[in-house]
Amino acid sequence: MKSRLFFTLLTTLALSTHAEDGWQYWFQKDLGDAQIVSGTATYKVENGVLIGTTTEGSPNTFLVKGPFKDFELQFEVKVDDELNSGVQVRSHLAKEGDTAPEGSKNAKPLPAGRLYGPQCEIAINGTAGDFYDEARRGTWWSILTQTEAVRTDAAKAAFKKGEWNHYRIVVQGDHYQSFVNGVKTADFKQPGDPEGHIGFQVHGIKAGSGPYTVCWKNVKLKTL
C-alpha cells in the first residue's frame, strides 16, 4: 500500500513538473488544435510521433499552430531520403491578392490560404538548419542577411541521414537561431516578421513518386 502511494506521489510530482516547466508539449496523442493548410498531405499521430505523408499532386502542405511571437521550439525529426521538409516560424497565411515583396522570385499573387515566410530547413543535402523564405523571396536568409559564415562544414554535416535529428530553434525579437544536433546552423537578424504561425511541412513531390514521410517526435515549445 505504501509503495503504491509513493508511486502515486512521484507520478503527481512528475506531472506537476511537466505542467510547470514552461514547455508546451505537442502531438503526444493527436493533432490537437493544429490545422492543415496549403495542400492535401496527411498528418497523424502514432505512439507520440507526428507522421506527415505526401500526397501525389499536392503542393507543399503545412500543419500550423499559432500565431506566436518569441519562443524556443525543440523537436526530433527523421525524413525519407527522397523528401525534404521544414518547419515554418513566424509565417503567414496569404489573403486574397497578397503578393511577394518586390524583387522576389515569386511576383504573382499567392493563393489564398498559402503559408509563407521563414522556414527552418529539414533535408539530407547539407542545407538542414538554414532558413528559407518560403513562397516569398525564394532564397536563403543566410544570403539575405549576409550571415553565410554560420554555414560551416560542421553545420552542413550536422543532419544525420536516416536518423532522428534534434532541432532547437530560438526566435526572440528580430533574432533567429537554429541548432541541429547541438551544432549552430543559423544565426541572423531580420525584423520583417514579428509574429506568425509555426508550420510543419510536407513538401510536394513529382508525379509518379512517393509516398514519402517525415516524422517528428518530442515536439515542445516555450514562449519567451
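Computed from the coordinates by the stated procedures, all read-outs in this text should not be read as laboratory data. This one's a predicted model, so the numbers in the text were calculated from it and none came from an experiment. We place every Cβ from the backbone using ideal geometry, glycine too, and count neighbours over all the protein chains shown.
For the reader, a short list of remarks on this structure follows.
- When you filter the GluC sites (Glu not before Pro) in region 103-201 for DSSP loop state and at most 14 other Cβ atoms inside 10 Å of their Cβ, you are left with Glu163, Glu195.
- Phi to ³J(HN,Hα) by Karplus 6.51 cos²θ - 1.76 cosθ + 1.60 over region 157-163, Hz, x for Gly, Pro: 9, 5, 6, 9, 4, x, 10
- Computed over the chain, the P(r) tail beyond 30 angstrom holds 24 percent of alpha carbon pairs.
- Length gained when the stretch Lys44-His175 is fully extended (0.36 nm per residue, less Cα-Cα span): 44.0 nm
- Close Lys pairs in region 70-190, defined as Cα atoms under 14 Å apart and 8 or more places apart or on different chains, number 4.
- Selected from Ala128, Ala155, Thr61, residue furthest toward positive end of dipole (region 49-158; charges at beta carbon): Thr61
- Subtracting the Cα-Cα distance of Thr55 and Asp98 from 0.36 nm times their residue separation leaves 12.9 nm of extension gain.
- Overall form of region 146-213 per C-alpha gyration tensor (a/c, 1.5; a/b vs b/c): oblate
- Assigned charges on the beta-carbon of Lys, Arg, Asp, Glu; the chain dipole about Cα centre (debye): 380 debye
- Rg/Rh (Cα only; Kirkwood hydrodynamic radius) as it applies to region 45-128: 0.97
- Ala207-Lys161 FRET efficiency (beta carbon distance; Förster radius 22 Å; 0.05 resolution): 0.30
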